[in-house]
Amino acid sequence: MIGVVPNQHITDMIASGQIIGTPPVDSAQIQPASLDLRLGTVAYRVRASFLAGHGAKVADRLEEFEMHRVDLTNGAVLEKGCVYVVPLMESLALPKGTSAAANAKSSAGRLDLLTRTITDGGTEFDRIAPGYTGPLYAEICPRSFSVLVRPGMRLNQIRFSTGAATLDDAALRALHADSPLVDGEAVIDDGLGFSVDLRLPDTTLVGYRAKPHTGVIDLDKIGHYDPAQYWEEVHSDNGQIILDPGAFYILVSREAVTIPPEYAAEMAPYLAMVGEFRVHYAGFFDPGFGHASAGGAGSRGVLEVRCHEAPFVLEHGQVVGRLVYEKMTDVPTQLYGSGIASNYQGQGLKLSKHFSAPR
């Protein structure tokens, strides 16, 4: 069957040896349409980001680019602005027709923690070729905050699929007509358009900007950190803000989005035609996100925005990205937000789970 592989079939893939964990995969890693990947015990500090390339192994390229190794066994800090490669506890032996895509988990993306998956022979980040057999590695570059990590932490996730599962615009319009995907007009053009909300009700607060000089964030500490120590509030009373080059922002979509149980979605990370910025490091949306069947009533997409070379005026309602929908091979037996630890069901403007509620 063509589509994204749901949780019950990921369990089958583990049992059949297509997914190998050392130590064995924990059932808590299995999400409705993806598998969380775990950090191993060592991080390689490298001179630069790299891809293995055709016919080459990541381990061999590490010998070329490694500066030093960091033992993660008892926890270690990955420094802001540095690039690390961490072997993951999972490896793959995919059948010929099965490919995979990886992405940062939401909480990693909201910390501006650039986390990408690389493979032996890989020529793209976060894309695993059909039938791939071999190890997996995470490339980690903390952009705004230094982070304390330990083996077994789950910063990125992998989604498996067979065949071409993406809905074209005609299928997307038909799906929206049958089961509305947003709470307003759907802008459908090579996916479902996402716009930014800079006129939140009853407040001038529209987002947060990462402070340039902060303390370390221990990724195991949930609800622990005072947002004021790490973030500046961004206010607007006219529906626009100016993005500063090199700065990182947390904003929110104007649309409340729904992902029906039979589908999964991925946010395209960058649209060159919309301006000098990149939106969303963590782009997977699970089946059931914002859907009534999983306790949702539409959930806004949190936008992780990094401005590039020039200051840029961002205005309320401006389209900043698009959501690409894919069909599932089967409806997952577990939906997002329904009986599992889903931190962002029903969300609005929200920082990562590591921060306490803003005062």
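The values are calculated or read from the model by the stated rules, or taken from the named source; none is laboratory data. Just so you know, these numbers come straight off a predicted model, no measurement behind them. The area values use the complete protein model at the heavy-atom level, side chains included, leaving out ligands, DNA and RNA. Shrake-Rupley method; radii C 1.70, N 1.55, O 1.52, S 1.80 Å.
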- Message: Relative contact order of the chain, please, whole-number percent, based on alpha carbon pairs below 8 angstrom and at least 6 residues apart.
- Response: 20
- Note on the structure: Excluding ligands, DNA and RNA, the carbon-plus-sulfur percentage of the accessible area of the chain with a 1.4 Å probe reads 50
- Taking a ≥ b ≥ c as the square roots of the eigenvalues of the Cα gyration tensor of the chain, is the shape rounded (a/c under 1.5), prolate (a/b larger than b/c) or oblate? oblate
- Task: Can you pull a Stokes-Einstein diffusion coefficient for the range 1-74 at 10 °C (1.306 mPa s), Rh from Kirkwood over Cα pairs, as a whole number of µm²/s?
- Result: 106
- Quick note, the range 143-258: a/c under 1.5 would make it rounded; otherwise a/b > b/c is prolate and the rest oblate (a ≥ b ≥ c, C-alpha gyration tensor); here it is oblate
- Item | Prolate/oblate/rounded call for the range 109-192, Cα gyration tensor, a/c under 1.5 rounded | oblate
- Item | 1.4 Å probe accessible area per residue over the chain, in Å² | 41
- Relative contact order as a percentage, the range 99-187, C-alpha pairs under 8 Å and 6+ apart, gives 33
